[in-house]
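Notes follow the structure.
The values are calculated or read from the model by the stated rules, or taken from the named source; none is laboratory data. None of the values given here were measured: they were computed from a predicted structure. Cβ placement follows ideal geometry from the backbone for every residue including glycine, while neighbour counts extend to all protein chains displayed. These accessible areas exclude ligands, DNA and RNA; they are computed on the full protein's heavy atoms, side chains included. Shrake-Rupley method; radii C 1.70, N 1.55, O 1.52, S 1.80 Å.
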Amino acid sequence: MAIQPPLTELPIKTADTGFYRGFSVNVTVVSKIIISVLVVWCIVWPTQAGNVLGGWNTAILATFAAWYIWVVAAFIIVCLGLALWPTAGRMNLGLPGEKPEFTNFSWFSMMFGAGIGVGMLTWAVAEPVAHFQNNPSVILGETTALTADNVRTAYVWSFLHWGLGAWACYAIAGLSLAFFSYRRGLPLTIRSSLTPLFGQSLSGVIGHIIDIVAVVATILGVAQTLGFGVEQFVAGLTRIGIGGLALEDGTATTMGIVVALLVIMGASTLSALSGVGKGIKWLSNINMVLSIVLLGFFIIFGATWFGASAFFVGIWDYLVALPGLSFNVYSSDGIEGSESFLLTQWQGWWPVFYWAWWIAFAPFVGLFLARISRGRTIREFVLGAMIVPSLMCFVWFAWAGGTAIDLELNGDANGVILDAANGDKIFAMTEFMLAPIAQALAWGMAVLIVVLLMTFLVTSADSAVLIVNTINAAGDEGPKARPHILFWGAALALVVGGLLISGGTGAIQTAMVIGALPFSLVMALMCISLIKAIFNDGRREAAGVATTHDEIPTATPAE
């Protein structure tokens, strides 16, 4: 049988008139209903919502912890394999000869800012410090908490959570979407990435379900990021002298949550209305410059040599440990307080939580990466979307987190950083470093961090609103109706606010872990679909058969 060209048409029914003109009513309305029910439930019945979500979370962690660990390991293997595979690596995520729309600087800025840039301001300090206090090696008695022999282990876990695994999740989603949308000419929506497996049937109910799962996962994944960001934003406002927004222990009050969300989501909605090429690109470049300034402060005035050691030694330790940690799953004996119980509990708190977070974030970041990566080769995409951002995360963790550990290790900080809330640790550290010199300098640094945090949060939120609307509009990247942008901006704010009120960031974490589970299956299918498509394209090229949509005059019912 002759080799057939690939499928290049996937019709998705959208409304021709009315409020939902240009949108898939099936996807948009069902997504809005699911999110609206979640918001009402968490705000009206916060205690019940917290208890039910907590029960579901416990069941999922007990049953699917191994799945989360292993599926992310598979994503890393697939991404690196595609970059090394000659047939795949040279393929353009666009038409032959097409060049990228954005410069490398803007590409990296938008990718990092929309990906996990905002997380750096919380976790670059908080996570190495947390693992310095406790990690599996401490539980097993191999190292001692808060001592020098625990530093290298702390960085292995920090780099594991923010390294190749995180960006592999984004790269799989981004590669799949860019490949099938810009090479095949299919709609820029999640369902298109599964056409080699399900074909034209994705125009119907199966495709609608996949896109709905992606929208819900996106909202919950971004809500997790914004939830951490809101608490840190409130901590920052408190540090610069705006009172009444946080309790004495640093927890944001309801008023603080409302004020932060009004500021962040108001700015992000205005940015989303201006589109990717204007507001988002502009904000991304600003937060990249500000983050370089802040990072430069830690490198020059912080623990310079300690950070350098943490960076280079940490990368070596991480790469050596990566194969084992990627597949390791702890099992509990069911006895509360036992060694195996504590290890399983720790794995649920950290690796499983992170893998669920990155998977829930993947439809948003993946679609955004696809949107800004058209014209790049698969090899260039993988190296750019996995290696460079991972190294950037490692730099932040080494010098920002390293400065905090060094100050606590030598006794200078005397618990000031350790005792601060996670979102407040970076403010506590910079104030400790600068206040003895000049209080004005400490205040100015807090203002810079607050501004940087806000630009990161706004970039993530407005990108998410645009991405959700793109999925709902059957992949249409063009301008969206203002009411829908306003709805999703408000919905995202209400999800964050409702979950924070019903149970703090723990409630958001729980909802996100639950929402990520169905999309993790979609992503596993994406891997199979992408490998199948590239393999078949290699056969088509060898046989002289068209592989891109511009070469195929009409749709064909092939793969």
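Numbers at a glance
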read-out	value
15 Å beta-carbon shell around ARG376, net charge (K/R +1, D/E -1)	+3
Calculated percent of Cα pairs over 30 Å apart (choose from (1) 64; (2) 49; (3) 61), label	(2)
Fully extended contour minus Cα-Cα distance, from SER201 to VAL451, at 0.36 nm per residue	85.3 nm
Within-14-Å neighbourhood charge of VAL205 [Cβ basis; K, R +1; D, E -1]	+1
Over segment 275-420, relative contact order from alpha-carbon pairs under 8 Å, at least 6 apart, %	40
Carbon and sulfur %, accessible surface of the chain computed with the full protein complex present, 1.4 Å	67
Distant-in-sequence amide H partners of ALA303 (H built 1.01 Å from N, under 5 Å)	THR403
Prolate/oblate/rounded call for segment 401-488, Cα gyration tensor, a/c under 1.5 rounded	prolate
Structure-based [θ]222 nm, the chain - -39500 (n - 2.57) summed over DSSP H runs of at least 4, per residue, nearest 500	-23000 deg cm²/dmol
Segment 277-367 pair-distance distribution - Cα-Cα, 10 Å bins, rounded %	13, 21, 32, 26, 8, 1
Amide H within-cut-off set for ALA246, under 5 Å, with H built and near neighbours excluded	THR253
Spatially near lysine pairs across the chain, Cα under 22 Å, sequence gap of 8 or more or different chains	7
Net lengthening on full extension, VAL320/ALA74 (0.36 nm per residue, minus Cα-Cα)	86.8 nm
Dipole axis of the chain (+1 Lys, Arg; -1 Asp, Glu on Cβ), positive-most option in LEU517, ILE212, VAL313	ILE212
Pairwise centroid distance, computed over Cα atoms, of segment 181-200 with segment 53-77, Å	27
Overall form of segment 115-261 per C-alpha gyration tensor (a/c, 1.5; a/b vs b/c)	oblate
Unit charges on C-beta of K, R, D, E only; dipole of segment 43-161, Debye	180
Within segment 1-113: Cβ-based charge dipole about Cα centre, in debye rounded to nearest 20 (Lys, Arg +1; Asp, Glu -1)	80
Full-stretch length increase - VAL29, ASP16 - with 0.36 nm per residue and alpha-carbon distance subtracted	3.1 nm
Cα-based shape type of segment 327-399, given that a ≥ b ≥ c are square roots of the gyration tensor eigenvalues and the cut on a/c is 1.5	prolate
Size of charge dipole - segment 155-270 - debye, nearest 20, with Cβ of Lys, Arg +1 and Asp, Glu -1, no other charges	520
Kyte-Doolittle at least -1.0, axis length at least 24 Å by Cα - qualifying DSSP helices, the chain	25-44, 46-84, 205-239, 254-274, 281-301, 304-327, 353-372, 439-472, 482-543
